[in-house]
Amino acid sequence: MKKRYLILTFLIGMFFSSCESLLEINPVAEGVILKTDAIQTKDDVQQLLNAAYDVVNGFYGGRFQRTSELLADNVVLRDGITDEMVNIYKRYTTGYFTDNETYEQAYICILRSNLVLENIGLVSGMTDSDAKRMAAEAKFLRAISHFAVVRLFAQPYGFTANNDHPGIIIKTNSKVELLPRNTVAEVYQQILKDLTEAETDLPATNSGFAYATNWAAKAALAQVYFQMHDYEKAYTKSSEVVNSNVFTFAPGLSSTPPESELIFKLVSNETSGKRVGGDFGVYRSDGTNIPNIRVAPDVYKNVIKASAGDLRIDLFYKVFNPGAENEYIAFSKFNSEFPIVPIYRLTEQKLLRAEAALLKSSPDLTTAIKDVNDIRTRAFGNTSKNLLATATADVVLSAARTERRLELMGEGYQLHDLKRRGSAGENILIRGVDWDYVGLVIQFSASEANELFKANPEPN
Amino acid sequence: MRIIRKNLNVLILILSLLLGNFAMAQQSVLTGKVTDSSSGESLPGVSIVVKGTTNGTISDFNGEFTINAQRGASLLFSFVGYITQEVKIDTQSTLNISLKASTEQIDEVVIVGYGIQKKREITGSIAKIDSKDIGDKLSSSFESVLAGQAPGVSVTSGSGMAGAGAVVRVRGVASINSAGDPLYVVDGIPITNDIFGLGGRTGGMNINPLSSINTNDIESIEVLKDASATGIYGSRGANGVVIITTKKAKGKELKLEFSTKQSFSGPTKKVNMTNSAEWLQLYQEAWENDGNTGIPQKLPGGMTWTDAQKYDTDWWDEVTRTGYKQEYNLDANFGVAKNLIARLGGSFTNNQSYLVNNDLERGNGNLNLIYSPSKKLNLAVTSTLAKTSTSLPGNPWDGGLGAAMGYALPIYPVYNADGTFFKGGGNSANPVMVNELRKESNDELRTINSFILNYLPTSKLSFSFTGALDFMDFQNLGTEQGYMRSSGKDYRWKNDRKVYNWNYNVVANYNFGLQNGHDLKAMLGHELQESLTTGVNTNWDESREVKESSTKLRDEHWRFLSFFGRLNYMYKDRYIAQATLRSDGSSRFGKNNKYGYFPTLALGWIVSEEDFLKGNNLLSFLKLKASYGITGNSNIPNYEHVGTYKLSTTPEQQYNGLPIRYPEKFENPDLKWETTKSLDLGFEARFFEGRIGTEFAYFLKNSDDIFINVAISTSSGYGSQWQNIASIVNEGIEFSLTTKNLTGKFQWDTQFNISTLRNEVTDVGGLTTEEIGGGTNDTRILKGYPVGTNRLVRFSRIDPADGRPIYLDKQGNETKTYKFEGGEGFAVPAGKVIPDFTGGLTNTFRYKGFELSTLFTFSKGAQIYDSSSKRQMGLASNWNFRTDIFDRWRQPGDIAKYPRMSLEGINYGKDGEQWFNSTMWLFNGDYIRLKNVVLTYNIPNKMVAGAGISAMRVFVAGTNLLTFTKYPGADPEVARDHDDARDRNMSANVSFLTPPQERVVTVGLNISF
């Protein structure tokens, strides 16, 4: 009798141990699927690529820009702020108080791009042309992500003669591994390789420029070469964009960049509720928004208002509590609930070209003057402040740089322009410190450092 | 002794049915009753055997028996825990026997996993606490009564809030990221105790799923500590197992019990905050020290100097009151039908703590039915239902008592002139407003139900089947009135979790019935447990176009599939061996480690049974024991080993109107349990016939594969992942001593226990302390240091010349610069939260009907990091000061404890810094506390018998009446509200505006009918 019970117990046991499936419980949540089921078809890869685009908003949607501005000299931070913006603004970011968000989001974009590249050849339904386009888009995104990180987290190109100073990790696969930092030279080399390949393979149009085109790749290349002091190539690439006739320079000034100028953009959609550019919210001064980042009073007085009649003064800025002790100057050009974020746009490319035209080995003064005058004509509503055709190269260069600062105020360009000029040999001070001051390089999150990965030095 | 009897009830019932009545003819019939010699209560289940025969019986539920025996024969009356009595039969036909309790508690039984064992034969380390030691000690939740009563079990009571839980750690801390709590098993059901899964922190305390268990319903608590005891729980036993046995039906006789407790409470200490004039003076001093002159400007809350002088609000008084608690229990025991007995109980508790707006109300009902249709079969159903509702003040920093010690300045009024609440300092600065306009509560409905079937086909073989369901509906809900919100519109929320936790187990026991002094028993079992938690968070915001917004949370679903067995062997009543093996499969483990195997082996030797000690009057009992085994901990989040992708589910998640999908979690197919290898060596000894008893244990727990939620290198694009990385060692000694100092009319018993603990993180897999993280409480994981090492900048002294704090840099050189983190930072391991030793001392005095019992608990060697004092005694800010700051530097030459007053971080070593995490706030956490004192009077039966009362007891009890400590903060016994399981492991002794515990005086009454 007892045998029977023992046998029964064992049978029950056998039954359950054979039910391996009892121990396989997968997460059940809306919008969650298993990795093993995730990438099977061309559409899946396309969705993965869309996700890589989507995360661009995590760093170029205002985060990269505001961090750059906080380090530079255009803005001031509102009193009483207690988050990591204080550390960035005071230029002592640490392993705990730093802009980890830009870093993290950029590498998420890189991971998604790498997964696209790794899966293109493995899924069903992929045509050659789709494969080529998607690979080019992934390379474009991978490049602009690396470009964002290397500008904030390393000393600029030109800081050392060979650019063998520590840059950032180059990720060209989806492996999870500990890696050392690559040199700045290596990072720029990889960025150029990706962008050049993307330029070749990208289409000329792609869903209203919310996706990458060969024009976006050219604009990105122009910025990269510009940062590398390679003004020859920066001039060439920006000229290709400016002269393409795909984008139209808007004759009238508007507070937000006109659609016709946008080369690559992130788009909000009020109907669907999609919102990008949320990180520009720290500038906003509309409704109940009180801006945490404000225009530096001296910049407002001496730079922005330097020329009477500049229409940008009233269109881009608003003075609060004028004359009172608590007066401050707010940006108004970011006041939008559902903004469109321009990543590359014509105005910037024209100003880049103007400066590159003057700095390249055989200066093109005429083009530079024309570009500057286009901007000024629009800014003043007339030609009264235009450069004369006889203006000297120095005057034009100074004008080009001033206009670049005025047009792109708050958009994160000033810091990298100053570092570029400093590393090219100019004596540049940024809000009281040298262009190569350690505090002007953002510190990595404490958890990123390990035996292989050395953090940045911190100010004492 | 009564307790053991109750525990054994079911077994006795079965035994009595089994043995039956072997009557023989032509003999005289004897009837009688067996009672307890001290209490006079009837004793059921006493074995009565005619000496030298197999003729015997068992006393029934009224202690009565009938037996046939020849004249001149002797009857042996024996019962667990009592001295066996031999009575010669003469001419009598009735025989009333009173049995004397044995001081030698050798036959005491202990609940072990999936069974019971005689304490004498146990080779493991198990601490047992009887209901007697639980019942009168007032606590908001049952686990806190373990404090000081179970060696090796560290219990850190949380705070003075109603229903606040305690951090319970068995033999140290062996986890980092995963919950280090022991496994709680109620009547065989591993119950839901997932604090953070339910929502973690609400209103200033962690959710406590154990608070729905009524201490009055608990018969006993056994804490299994070493591997040989917890091994049968395999992958879930490494952090110890707490077995809770509830009271069960016993006997057919109708018995009613009523008890009530009425208590008043206050805080153990009032923290002294400055009043308005003092605060203003300190602010002015800071203002002037910083080089300013004139009337200080920039007062917080938009106050002007003149206005500030008008008010003097004592916020502590505004948010505290005299706590009042009442508890009523009514239990009935009765026979329902033939072979069917029942226990039905109900209770109501209203526990109002000393904090305004902090009331716990709980109603409990429970039913136990035992049906014994035949001597081979026994069925039992137990069902409990508890409805608990706890109202909560705000988080420490924005409401309740915490605000009164922080943001709520004495210069702020409660009300504006127009009668509205003052909110110039923000919501956090007016806890009266928060209490009034913000209502939050934790509402919980919980029911634990089990069905047990015991079947004994032969005298050697038995089976049991247990099926159980533990269901919990937990809601955190509340409303916030528009006046508190920037939108001006009301806001309401409800976070709902439903936990379905069910299991069954089948256990077969076989006694081989060997001869010649060999005794071999085997147990085999199988268990399946499944748990599903669903959750929905909903909120209603009147300022939104669509007011209701609801989020469905991920289902948390897991299973454990287990097989286990135990072999117990004993030779000649003295040589003992036990082996257990459990295999656990779990849905939480990665595919490369789906099953874990957990073996243990234990040996024991009852030396006192040997000829050379037998009959020794000095050493009446000596047992040596040793065990070694492997156990595990599986408290990991579900699905952690699974690689997942996310898909866009709403248009706003899409990119440019097109769907997206992306990797969410990186897979870890190797994920498995934490492995603990435990060695336990010990002895139990009793001297002078049990007047002195002592137990000693040495343990060494090597825990490997400890989970760390590793931040995967950010450059990989993934976030974090649980990996089995670290190693921790816990080593210690436990010693307990029980003495009967005085016997006779005036009795005095003493129980003393002490446990030491050495805890060290021995490996962190090459991770830096930053990668492991720790954050809010400045406690860290560092190789070579204990779990929860205070990592702080060392404070050296105050410079008498300028009153600035002097710190020590990494090399130990004095510096006035404060630099915390980074490679160049000065933060170093500076203290630890784990005590070197803890323990308790209980003295019990009895005289006639009176009993006085005192319990002191003590702790030595831990530091307390009073995280909030860096703001209460640091820079002048929008926080109130503690009066401790009066001992500060004021003028050159001053030797002071605290630095000069200032508004600027630069004066304390770093520009822009407000919070200086230095050892200035790290305090000695040693304490001795009179945890409990109870004075009981058992009213003599004859005085109350007329009213149909069989027993009546009144008592007065005090909790936390006295505390001896050097700790300057609120309470040295503290566990703050934690962020997550890691924080709970690492930051036991960290305080952040944590309300001190309650000092309670209780009067109670117990009546039995």
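The values are calculated or read from the model by the stated rules, or taken from the named source; none is laboratory data. Since the structure is predicted, the reported quantities are computational estimates derived from the model, not experimental observations. As a convention, Cβ positions derive from the backbone with ideal geometry for all residues, glycine included, and neighbour counts pool all protein chains shown.
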For segment A:232-247, does any single residue satisfy the condition of being within 20 Å of A:Glu337 (Cα to Cα) and touching a Ser or Thr at 6+ places or on another chain (Cβ under 8 Å)?
-> no
Selection over segment B:815-829 where residues are away from every other protein chain (no Cβ under 12 Å) and either assigned to a loop (DSSP other than H, G, I, E, B) or within 28 Å of the chain's Cα centre (by Cα) (or both) yields a count of 3
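Would you tally the residues in segment B:143-188 being part of a loop (DSSP other than H, G, I, E, B), touching a Pro at 6+ places or on another chain (Cβ under 7 Å) and at pLDDT 85 or above? Break it down into steps so the answer makes sense when it comes.
Within segment B:143-188, the subset part of a loop (DSSP other than H, G, I, E, B) is B:147-152, B:158-165, B:171-182, B:187-188.
If we keep only those that are touching a Pro at 6+ places or on another chain (Cβ under 7 Å) too, we end up with B:159-161.
Subsequent filtering for residues that are at pLDDT 85 or above retains B:161.
Summing the residues that are part of a loop (DSSP other than H, G, I, E, B), touching a Pro at 6+ places or on another chain (Cβ under 7 Å) and at pLDDT 85 or above in segment B:143-188 gives 1.
Kindly provide the set of residues from segment B:776-801 that are closer than 16 Å to B:Val761 by Cβ and assigned to a loop (DSSP other than H, G, I, E, B), ordered by number. Working first, answer last.
Here is the first cut: in segment B:776-801, the residues closer than 16 Å to B:Val761 by Cβ are B:779-791.
Within segment B:776-801, B:Ile781, B:Leu782, B:Lys783, B:Gly784, B:Tyr785, B:Pro786, B:Val787, B:Gly788 qualify.
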The correct count of residues that are part of a loop (DSSP other than H, G, I, E, B), surrounded by fewer than 24 Cβ atoms within 10 Å (Cβ to Cβ) and at pLDDT 90 or above in segment B:970-1009 is 0
Checklist entry - Does A:Val372 qualify as being closer than 22 Å to A:Leu70 by Cβ and among the hydrophobic types (A, V, I, L, M, F, W, C)? => result no
When segment A:100-136 is checked residue by residue, the ones that are out of contact with any strand residue (DSSP E or B) (no Cβ under 9 Å at 6 or more places or on another chain), within 12 Å of another protein chain (Cβ to nearest Cβ) and of a type outside the set (A, V, I, L, M, F, W, C) are A:Asn100, A:Glu101, A:Thr102, A:Tyr103, A:Glu104, A:Gln105, A:Tyr107, A:Ser113, A:Asn114, A:Glu118, A:Asn119
Of the residues in segment B:561-586, those that are buried (at least 21 other Cβ atoms within 10 Å of the Cβ) and either of a type in the set (S, T, N, Q) or touching a Gly at 6+ places or on another chain (Cβ under 7 Å) (or both) come to B:Leu561, B:Ser562, B:Phe563, B:Phe564, B:Asn568, B:Ile576, B:Gln578, B:Thr580, B:Arg582, B:Asp584, B:Ser586
Note on A:Ser384: of the conditions (1) touching a Pro at 6+ places or on another chain (Cβ under 6 Å); (2) among the small types (Gly, Ala, Ser); (3) farther than 30 Å from A:Gly277 by Cα, unmet is (1)
Q | So B:Ile712, is it within 14 Å of chain A (Cβ to nearest Cβ), surrounded by fewer than 22 Cβ atoms within 10 Å (Cβ to Cβ) and of a type outside the set (Gly, Ala, Ser) | A | yes
Listed by first then second residue, the pairs whose first member lies in segment A:389-400 and is farther than 14 Å from A:Asp417 by Cβ, whose partner is of a type in the set (Lys, Arg), with beta carbons under 9 Å and at least 6 positions apart or on separate chains, are A:Ala399/A:Arg376
Within segment B:403-430, the residues that are buried (at least 24 other Cβ atoms within 10 Å of the Cβ) and either farther than 20 Å from B:Arg485 by Cα or in contact with a His (Cβ under 9 Å, 6 or more places away or on another chain) (or both) are B:Ala404, B:Met405, B:Gly406, B:Leu409, B:Ile411
- Item | Any hit, segment A:51-64, residues being part of a helix (DSSP H, G or I), buried (at least 21 other Cβ atoms within 10 Å of the Cβ), in contact (Cβ under 8 Å) with a residue 60 or more places away in the chain and within 7 Å of chain B (Cβ to nearest Cβ) | yes
Query raised in the report: Just wondering, is there one or more residues in segment B:260-274 that are loosely packed, with under 15 Cβ neighbours inside 10 Å, part of a strand (DSSP E or B) and in contact (Cβ under 8 Å) with a residue 60 or more places away in the chain?
Result: yes
Apart from one, (1) of a type outside the set (Val, Ile, Thr); (2) surrounded by 19 or more Cβ atoms within 10 Å (Cβ to Cβ); (3) not in a loop (DSSP other than H, G, I, E, B) all hold for B:Glu285; the odd one out is (2)
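What number of residues in segment A:303-338 are exposed (fewer than 11 other Cβ atoms within 10 Å of the Cβ) and either at pLDDT 95 or above or among the hydrophobic types (A, V, I, L, M, F, W, C) (or both)?
Step one: filter segment A:303-338 for residues exposed (fewer than 11 other Cβ atoms within 10 Å of the Cβ), giving A:308, A:321-326.
Restricting the remaining residues to those that are either at pLDDT 95 or above or among the hydrophobic types (A, V, I, L, M, F, W, C) (or both) gives A:308, A:324.
Looking only at that region, the number is 2.
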Exercise. In this structure, does B:Ser531 turn out to be in contact (Cβ under 8 Å) with a residue 60 or more places away in the chain and out of contact with any Leu (no Cβ under 9 Å at 6 or more places or on another chain)?
Worked result: yes
Could you say whether any residue in segment B:326-340 is modelled with pLDDT of 90 or more, surrounded by 16 or more Cβ atoms within 10 Å (Cβ to Cβ) and in contact with a helix residue (DSSP H, G or I) (Cβ under 7 Å, 6 or more places away or on another chain)?
yes
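Conditions (1) part of a loop (DSSP other than H, G, I, E, B); (2) farther than 29 Å from B:Gln723 by Cα; (3) within 14 Å of another protein chain (Cβ to nearest Cβ), marked per residue:
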{"site": "B:Leu567", "(1), (2), (3)": "no, yes, no"}
{"site": "B:Gln578", "(1), (2), (3)": "no, yes, no"}
{"site": "B:Asn616", "(1), (2), (3)": "yes, yes, no"}
{"site": "B:Lys623", "(1), (2), (3)": "no, yes, no"}
{"site": "B:Tyr639", "(1), (2), (3)": "yes, no, yes"}
{"site": "B:Pro663", "(1), (2), (3)": "no, no, yes"}
Taking segment B:453-464 and keeping only residues that are out of contact with any Gly (no Cβ under 8 Å at 6 or more places or on another chain) and within 11 Å of another protein chain (Cβ to nearest Cβ), one is left with B:Tyr455, B:Pro457, B:Thr458, B:Leu461, B:Ser462, B:Phe463
Next on the checklist: Take B:Lys677 and tell me if it is among the charged types (D, E, K, R), within 14 Å of chain A (Cβ to nearest Cβ), at negative phi and surrounded by fewer than 23 Cβ atoms within 10 Å (Cβ to Cβ).
Outcome noted: no
